[in-house]
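As structure tokens, the structure follows; a few thoughts come after it.
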Number of protein chains: 2
Amino acid sequence: MASAMSEAKSPLAQPFPAMPQIAGVTPRIARAGYKDWGRCDLTYVELAEGTAVAGVFTRNVCCSTEVEMGREAVKTGSARALVVNAGNSNAFTGYRGREAVEQIMNQVAQHLGCDPSEVFVSSTGVIGVPLPLDKAQAGVAIVLQAAPCSWEDAARTIGTTDTFPKGAAMQAVVGDKTVTLAGIIKGSGMIAPDMATMLGYVFTDAAIAPAFLQELLSAANAKSFSCITVDSDTSTSDTVLTFATGKAGNAPIESFDSPGADAFAAALEAVCNQLAHLVVRDGEGAQKFISIEVTGAVSDDSARRIGLAIANSPLVKTAIAGEDANWGRVVMAVGKAGEPANRDKLAIRFADKWVAQAGLAADSYDEAPVAEHLKGKEISIGVDIGLGEGRATVWTCDLTHGYISINADYRS
Amino acid sequence: MASAMSEAKSPLAQPFPAMPQIAGVTPRIARAGYKDWGRCDLTYVELAEGTAVAGVFTRNVCCSTEVEMGREAVKTGSARALVVNAGNSNAFTGYRGREAVEQIMNQVAQHLGCDPSEVFVSSTGVIGVPLPLDKAQAGVAIVLQAAPCSWEDAARTIGTTDTFPKGAAMQAVVGDKTVTLAGIIKGSGMIAPDMATMLGYVFTDAAIAPAFLQELLSAANAKSFSCITVDSDTSTSDTVLTFATGKAGNAPIESFDSPGADAFAAALEAVCNQLAHLVVRDGEGAQKFISIEVTGAVSDDSARRIGLAIANSPLVKTAIAGEDANWGRVVMAVGKAGEPANRDKLAIRFADKWVAQAGLAADSYDEAPVAEHLKGKEISIGVDIGLGEGRATVWTCDLTHGYISINADYRS
């Protein structure tokens with residue numbers, strides 16, 4: 001991938017939405033030249049004093065320095081800036097990579113007069129190449145003086161193999177104030193978040209206690225980023241951060257007893273969900289957006305794991321790519337999930353047409369409407385396990401020649 | 001896939017070896033016409049009275065009737081015949097599928113004058129379509145009268161998406177006798193055996209107690225079939241059976257204290273290993289055969305799981321397809337395996353060239369010889385976890401456009 005947004009745009013792309021400014025949040029971009037490309041690759045978001053922060057991070061044990069330091073810094077609950085490098089993940093680069101992150105944190109902290117721990121750094125791109133100190137330093141010096149930019153420009157700049165910029169916004173009424181949330185995200189391959197995800201950022205002007213913000217983000221994450229997969233590969237850099245500047249002037253949200261807490265939680269979950277879906281829509285080589293709803297599992301968690309087993313199955317994903325109602329592959333994937341399931345209670349549907357019930361093909365099964373559904377871009381699969389009340393929905397894309405082309409060429 | 005062996009032969013194919021006859025074992029083939037194809041698709045192997053049997057089966061909970069019944073029948077330790085249907089897996093077909101298997105067992109048992117439980121049936125192919133009773137009955141009637149065939153014909157007939165027939169043979173000295181083992185196998189996609197595998201059969205003239213044969217087969221399986229993967233998808237029909245006719249006349253092998261037990265165990269493991277490798281060499285779309293050796297894990301089992309995480313990573317497999325020394329993707333896969341690992345102790349090599357050590361790129365790393373290695377058909381990756389003595393080797397193939405082409409078209 002020589003440069004972001006240069007590939008043919010995903011057929012599942014959506015236009016960048018109208019995104020509001022968030023009081024206390026100022027994005028800027030610059031070109032550090034991390035790769036030999038003619039695009040901006042350094043994003044800087046300045047945050048007002050008093051901004052609360054919460055985050056979820058990859059569980060990949062070979063995670064990047066950025067993830068390690070972010071995981072520590074988020075515990076203080078306080079943030080003043082975000083720096084995102086594109087084109088180099090700086091992962092698996094040992095002390096050299098750590099030096100680069102510390103240099104960026106110190107440089108920004110000096111400029112803002114804050115503690116370096118209040119500067120959050122993310123990087124994605126190739127693994128194993130230390131982020132060049134000189135390019136980072138020069139790039140940061142430029143970006144600190146750059147004019148504010150649009151959300152769309154920022155969303156474009158954090159991307160790597162993404163084919164379109166991704167953002168989502170929501171509002172919620174909190175007490176007598178309206179608070180606004182704006183999120184941007186990047187991600188396209190190496191997507192199989194394990195309680196965390198690619199790079200996603202949600203900014204809000206709400207006033208909210210950091211601990212409660214973390215609680216809400218973790219809950220939203222469990223139903224959004226943790227329910228998507230492109231290729232079952234869990235990135236070493238996955239990070240989602242939420243920053244709350246408090247500039248809306250609402251009475252701070254401390255818990256679910258605070259006025260507007262439910263509305264804010266719902267808005268945050270909705271933004272996270274939209275962002276997660278956008279990543280799937282830009283899945284490498286994706287031609288179809290697939291929703292998999294699992295019901296009747298022994299628990300919600302079991303339902304999610306069954307859903308992900310289906311979503312990660314190369315044979316299910318290639319069947320959808322081929323517009324083939326090969327529901328036997330869904331059976332196979334349920335059976336390999338390692339979760340409680342009983343073959344003879346299993347039922348499977350495409351859209352609202354049941355194709356299999358009680359352990360064999362449905363008597364009423366008519367392939368024509370199912371085949372028609374599979375020709376579309378939005379595919380819906382339902383699986384009822386028949387054992388309990390557990391349910392989950394996961395989202396993925398199909399597996400196509402595009403995925404192979406993109407990933408057999410990357411880096412070289 | 002209209003018919004087996006009709007696709008372009010895998011570039012990793014190996015010629016069918018010279019395979020000896022096994023006393024007490026007579027293979028025959030016929031055309032049942034399970035699919036609209038002009039090839040034999042029904043294999044029948046008659047076994048002498050007194051033949052011992054052992055088996056391992058898929059752990060997929062949506063397994064076929066054949067697997068369920070085979071798992072029960074193998075407990076008796078006694079076999080007289082094997083019937084293999086190609087082109088229809090008969091999985092997820094409920095009572096209708098069960099009727100078909102019982103009909104075949106009864107038909108053969110009547111012919112041989114044995115108990116139906118001594119007739120082992122396997123089927124692979126499309127999931128969810130009941131095996132047609134009439135075609136099975138007519139086909140079995142024909143095959144019971146057919147002339148004996150070669151191992152190569154039998155290996156060809158059990159195949160579905162396979163592009164070449166697969167067999168392996170060994171001899172071992174047991175006491176004052178030489179015993180012979182001959183194995184055939186089919187499998188190309190939906191390959192991620194979980195303590196079991198695709199369809200594989202090993203025949204021997206050795207005399208051996210069924211319980212000890214089971215012990216040896218389970219041990220051999222753990223180091224062979226359970227260490228290969230093509231696409232991480234675990235079949236609903238995976239079965240490996242070993243039949244021992246006792247015709248070699250050796251003193252029956254009862255335990256490791258029996259003369260020749262070690263030699264027989266080694267020969268069985270060698271046959272299983274060769275057969276497992278042949279399946280990988282016929283992996284759908286495979287262009288390269290990849291060996292992944294994991295050392296320094298906390299246990300052998302942990303090493304195997306790390307190896308499989310690497311072997312199942314679409315990003316690792318596409319990098320190899322692209323002949324790209326993108327070892328960062330190996331780091332990622334180690335990190336997502338869910339096993340103990342420490343980024344800063346991790347070392348990775350391609351062939352004998354260390355590319356990463358102690359958490360960052362190796363100082364001595366020269367990409368040229370690695371790039372040269374990656375141009376070959378036999379790729380070797382080594383990973384040292386640096387934590388313990390656990391080790392395992394797993395085998396897989398690369399992920400190419402061929403896999404997509406084969407699986408986006410299957411069935412339709």
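Computed about its Cα centre, the charge dipole of the protein assembly as shown is approximately 860 debye, with only Lys, Arg, Asp and Glu carrying charge at their Cβ.
Mean residue ellipticity at 222 nm, helices only, chain B: -10000 deg cm²/dmol; runs of at least 4 DSSP H residues each add -39,500 (n - 2.57), and the sum is divided by the number of residues. All other residues whose Cβ lies under 12 angstrom from that of A:LEU216 are scored, Lys and Arg at +1 and Asp and Glu at -1, for a net of -3. Taking the number of Cβ atoms within 10 Å of each Cβ as an exposure proxy, the fewest-first ranking of B:TRP37, B:TRP151 is B:TRP37, B:TRP151. The residues packed around B:SER122, meaning those with a beta-carbon under 11 Å from its beta-carbon, carry a net charge of -1 if Lys and Arg are +1 and Asp and Glu are -1.
A Gaussian network model of chain B, with springs between Cα atoms under 10 Å, assigns the largest mean-square fluctuation among B:GLN107, B:GLN287, B:GLN214 to B:GLN107.
Across q = 0.14, 0.17 Å⁻¹, the stretch A:273-336 modelled as identical point scatterers on its alpha-carbon atoms has Debye log10 I(q)/I(0) values of -0.44, -0.64, in the order of the q list. Evaluating 6.51 cos²θ - 1.76 cosθ + 1.60 at θ = phi - 60° for every residue in the stretch A:13-28, the Karplus couplings come out as 4, 10, x, 5, x, 5, 10, x, 5, 10, 4, x, 10, 10, x, 9 Hz, glycine and proline recorded as x. The value for chain B of Rg(Cα) / (2.2 N^0.38 Å) is 1.00. Taking the three principal axes of the alpha carbon atoms in the stretch A:1-83, the coordinate ranges are 41, 36, 28 Å, sorted in descending order.
Applying the Kirkwood pairwise sum to the alpha-carbon positions of the protein assembly as shown produces a hydrodynamic radius of 28.0 angstrom.
Remark: label point of B:ASP257 defined 7 Å out from Cα along the Cα-Cβ vector; separations to the same position in other copies 7.3 nm, ascending. Round to a whole angstrom and tell me the spacing of the C-alpha centers of the stretch A:169-224 and the stretch A:328-400. Each part's Cα centre sits 31 Å from the other's. Look at the Cα gyration tensor of the stretch A:97-242: its axes a ≥ b ≥ c give a/c of at least 1.5 with a/b at or below b/c, and that counts as oblate.
So what's the gap between the Cα centers of the stretch A:232-252 and the stretch B:41-119, to the nearest angstrom? First find each Cα centre; the distance between them is then 57 Å. Shortest first and in nm to one decimal, what separations exist between A:ALA147 and its copies in the other chains, measuring from label points 7 Å along the Cα-to-beta-carbon line? Copy-to-copy label distances at A:ALA147, shortest first: 8.8 nm. Under the shape rule built on the C-alpha gyration tensor, where the axes satisfy a ≥ b ≥ c, the stretch B:289-409 is oblate, since a/c reaches at least 1.5 while a/b does not exceed b/c. Considering only the other residues whose Cβ falls under 14 Å of the Cβ of A:THR242, what net charge follows from Lys and Arg at +1 and Asp and Glu at -1? With Lys, Arg at +1 and Asp, Glu at -1, the neighbours total -3.
Couplings 3J(HN,Hα) for the stretch A:84-94, derived from phi with the Karplus relation 6.51 cos²θ - 1.76 cosθ + 1.60 (θ = phi - 60°), are 10, 9, 10, x, 8, 7, 6, 7, 6, 10, x Hz, where x marks Gly and Pro. Sorting B:ILE253, A:ILE348 by the number of Cβ atoms found within 10 Å of their own Cβ, with the fewest placed first, yields A:ILE348, B:ILE253.
For the residue pairs A:LYS317/A:LYS377; A:LYS345/B:LYS35; A:LYS317/B:LYS223; B:LYS9/B:LYS35; A:LYS317/B:LYS375, the alpha carbons lie more than 23 Å apart in A:LYS345/B:LYS35; A:LYS317/B:LYS223; A:LYS317/B:LYS375. Structural descriptor for chain A: relative contact order 18 percent, calculated from alpha carbon pairs under 8 angstrom and at least 6 residues apart. From the residues A:SER224, A:PRO27, A:THR245, which one has its Cα farthest along the dipole of the protein assembly as shown in the positive direction, the dipole being from +1 and -1 charges on Cβ of Lys/Arg and Asp/Glu about the Cα centre? The residue sitting farthest along the positive end of the dipole is A:PRO27. Here the 3J(HN,Hα) profile of the stretch A:53-58, calculated from phi with Karplus coefficients 6.51, -1.76 and 1.60 at θ = phi - 60°, is 9, 9, x, 10, 9, 4 Hz, Gly and Pro shown as x. Counting, for every residue in B:307-315, the Cβ atoms of other protein chains within 10 Å of its Cβ and taking the mean gives 4.
FYI, it's all coordinate maths here, none of it is from the lab. Here the structure is a predicted model, which means the values were calculated and not measured. Quick reminder, even Gly has a Cβ in these numbers, built from the backbone with ideal geometry, and neighbours come from all protein chains shown.
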